[in-house]
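Participant: My questions will all concern the structure given below.
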Amino acid sequence: MLFSRLNHSCPEGTLVRIAGPNGTGKTTLLRLLVGLMQPQEGKILWNGQDIRKLKEDFRQDLVYIGHLNGVKDELTARENLMINCEVGEHPITSEQANEYLKKVGLEGFEDHITRNLSQGQRRRVALARLYASSHAKLWALDEPFTALDAKAVANLSDLIANHVNNKGVVVFTTHQEVPIAANNKQVISLSGGVWVDGKMRTKVSQNA
């Protein structure tokens, strides 16, 4: 068991960090929140409604970028970004794709096949979608700062802060202490399960 009796809510305009050591369930909790996994008990609610019932209505409000980049090796950086936006039902033009790739430091790499890019550059291709996703109220990001240099980390932290301060919600996991100038911040700290009287108990702390 990773966690139990977790009850947490946040209003619009909130940055939620899921913190904790490796193996405590950060990625699992994030995948539960976006509907990629189902809880054994309880519900995940969005605007007061079960996300399993909302289905497409919830997914239209969501952008999820997992620990893996979700880019296709055989496509260019531009093609990956445009297809990801198309799948998210918010298509962009080639010119917009070039603009967003420039914002993440990939100017001049638009036509490069993704398999030939470095891990940091591949991460940037995935994260460029956020610049096209102000329409999505909820951003769920698993280790978004991994493989980024200092400038890219600063740019992404500013982008996240702007989304939150414009009434969006960002839920993210990270091992890095990155300053993000969001007005409203919360932390869900997962400490892992411990054995008590022959049963698994989970330490969960929640701070606003």
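Participant: Taking Val153, is it at pLDDT below 90 and not in a loop (DSSP other than H, G, I, E, B)?
Facilitator: Yes: the conditions hold for Val153.
Participant: Another question, then. Does Asp61 satisfy being modelled with pLDDT of 90 or more, of a type in the set (Asp, Glu) and either more than 20 Å from Leu141 (Cβ to Cβ) or out of contact with any helix residue (DSSP H, G or I) (no Cβ under 9 Å at 6 or more places or on another chain) (or both)?
Facilitator: Here the answer is no, as Asp61 does not meet what is asked.
Participant: Taking Leu156 as meeting all but one of (1) of a type in the set (A, V, I, L, M); (2) more than 27 Å from Met37 (Cβ to Cβ); (3) touching a Phe, Trp or Tyr at 6+ places or on another chain (Cβ under 7 Å), write down the number of the exception.
Facilitator: Among (1) of a type in the set (A, V, I, L, M); (2) more than 27 Å from Met37 (Cβ to Cβ); (3) touching a Phe, Trp or Tyr at 6+ places or on another chain (Cβ under 7 Å), the lone unmet condition for Leu156 is (2).
Participant: Looking for something open to solvent by 10 Å² or more (accessible area, probe 1.4 Å), modelled with pLDDT of 90 or more and under 19 Å from Leu101 (Cα atoms) - is there at least one such residue anywhere in segment 160-175?
Facilitator: Yes: segment 160-175 contains one or more residues that are open to solvent by 10 Å² or more (accessible area, probe 1.4 Å), modelled with pLDDT of 90 or more and under 19 Å from Leu101 (Cα atoms).
Participant: Still on this structure: Residues that are under 27 Å from Ser157 (Cα atoms): which helices (runs of 4 or more DSSP H) entirely in segment 13-79 hold 1 or more of them?
Facilitator: Those helices (runs of 4 or more DSSP H) span 26-33, 56-59.
Participant: Follow-up question, since we're still on this one. I'm told Thr27 meets every condition in (1) closer than 16 Å to Ala126 by Cβ; (2) open to solvent by less than 30 Å² (accessible area, probe 1.4 Å) except one. Can you identify the failing condition by its number?
Facilitator: For Thr27, the exception is condition (2).
Participant: Just checking, how many residues over segment 130-154 are over 16 Å from Leu68 (Cβ atoms) and out of contact with any strand residue (DSSP E or B) (no Cβ under 8 Å at 6 or more places or on another chain)?
Facilitator: 10
Participant: Within segment 1-20, can you find the residues that are under 25 Å from Lys137 (Cα atoms) and open to solvent by 60 Å² or more (accessible area, probe 1.4 Å)?
Facilitator: The answer is Asn7, His8, Ser9, Pro11, Glu12.
Participant: Looking at (1) surrounded by 20 or more Cβ atoms within 10 Å (Cβ to Cβ); (2) in contact (Cβ under 8 Å) with a residue 40 or more places away in the chain; (3) part of a loop (DSSP other than H, G, I, E, B), which is the one condition that is false for His90?
Facilitator: (1)
The values are calculated or read from the model by the stated rules, or taken from the named source; none is laboratory data. Everything numeric in this text was worked out from a predicted model, so none of it was measured. As a convention, Cβ positions derive from the backbone with ideal geometry for all residues, glycine included, and neighbour counts pool all protein chains shown. In case anyone asks, the SASA skips ligands and DNA or RNA and just uses the protein heavy atoms, side chains included. Shrake-Rupley method; radii C 1.70, N 1.55, O 1.52, S 1.80 Å.
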